[in-house]
Amino acid sequence: MKSFCSGASDADLLLVSAQKVDNEGLLIALIPTKRTGLVVLDDWDSFGQRQTDSGNVQFEGVAVFEEEVLTTKQQSSSIDLKSSIRTHIAQSILNHVLLGTAEGAFQAAKEYTQSSTRSWLTSGVQIATEDPYYIHHYGEWFVKLQAANALAQIANEKLQATWDNRQHLTMEQRGECSIAVATAKVQIVKTALEVTSGMFEVMGARATSAKYNFDRYWRNVRTHTLHDPIAYKLRDIGDFALNRKYPQISPYS
């Protein structure tokens, strides 16, 4: 059984990987979704990322033919630094998904505030866009989104330099990239969660109507961020900041 198989329910082919029978390495293959023994359960029911169809896929006696094998990797005790950059690429993609979601929520909230939100009775103003409480929130979020964007750009530049030097990569260079990507992620996740949940405070109760579907921003961010908790990013960053230790190579760092 494999969980979180995004897009499997709509796919004609699946990219699969498995340990070899002799446990001597990894096999990667591209096989038809309708292959006998392969069952897409179509059971994704999370409150966020509803269109990803990231449910479970069951495998039982699934045949893989030689022409479907893309590559095989032998078990090795040595660390392949070049291949480990894939982790940073995947992390960076998700960083930008979350950042884009936060920016989208900010824009949606702003447009709603400008067009539909009412000023509060005791605000002392008649127009919502002049309400000091709302203005303060937008100022806070603008600053945090700018910081998130700046850190994302730094991480992108570090990742590009790491990729350009991948043939001669050192553990130190790889570690610096890992810290840059993790630092961006912490800021992006915190900002995205704050903006997507707090946006209702500057839009008002009417904005919770199902017809707007504004809660999709928070639902998607909340679901995505649970797959890679930033608590462990902060652990890695803290260990680097205090002890100059780089994160261990893993699918998440």
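The values are calculated or read from the model by the stated rules, or taken from the named source; none is laboratory data. The model shown is predicted, which means the values in this text are computed figures rather than measured ones. Neighbour counts are summed over all protein chains in view; Cβ atoms, including those assigned to glycine, are modelled from backbone coordinates with ideal geometry.
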_Search result, residues across region 14-50 that are touching an Asp or Glu at 6+ places or on another chain (Cβ under 9 Å), surrounded by fewer than 14 Cβ atoms within 10 Å (Cβ to Cβ), in a strand (DSSP E or B) and without any contact (Cβ under 8 Å) to a residue 40 or more places away in the chain_ = Pro32
*Hey, any hits in region 228-235 for a residue that's crowded, with 17+ Cβ neighbours inside 10 Å, outside the structural domain of Gln51 (by TED's automatic domain parsing), in contact with a helix residue (DSSP H, G or I) (Cβ under 6 Å, 6 or more places away or on another chain) and of a type in the set (Lys, Arg)?*
yes
*asked:* Looking only at region 106-144, count every residue that is closer than 30 Å to Gln91 by Cβ and touching a helix residue (DSSP H, G or I) at 6+ places or on another chain (Cβ under 6 Å) and tell me the total.
replied: 5
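Considering every residue within region 179-188, establish whether at least one is in contact with a strand residue (DSSP E or B) (Cβ under 9 Å, 6 or more places away or on another chain), surrounded by fewer than 20 Cβ atoms within 10 Å (Cβ to Cβ) and not in a loop (DSSP other than H, G, I, E, B).
The initial filter retains those residues of region 179-188 that are in contact with a strand residue (DSSP E or B) (Cβ under 9 Å, 6 or more places away or on another chain), namely none.
No, that holds for no residue.
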*Among the numbered conditions (1) touching a Cys at 6+ places or on another chain (Cβ under 9 Å); (2) not assigned by TED's automatic domain parsing to the domain that holds Asn149; (3) not acidic (Asp, Glu), tell me where Val39 comes up short.*
(1)
*Does region 212-253 hold any residues that are part of a loop (DSSP other than H, G, I, E, B) and either of a type in the set (A, V, I, L, M, F, W, C) or within 15 Å of the chain's Cα centre (by Cα) (or both), and which are they?*
Phe214, Leu226, His227, Asp228, Pro229, Ile249, Pro251, Tyr252, Ser253
*Got a number for residues in region 51-86 being polar (S, T, N, Q), modelled with pLDDT of 85 or more and part of a loop (DSSP other than H, G, I, E, B)?*
1
*For region 121-140, how many residues meet the condition of being outside any loop (DSSP other than H, G, I, E, B) and of a type in the set (A, V, I, L, M, F, W, C)?*
3
*Mind checking which pairs have a first residue in region 119-148 that is under 24 Å from Val186 (Cβ atoms) and a second that is aliphatic (A, V, I, L, M), Cβ under 6 Å, 6 or more apart or different chains?*
His137/Val202; Trp141/Val195; Ala148/Leu99; Ala148/Ile188
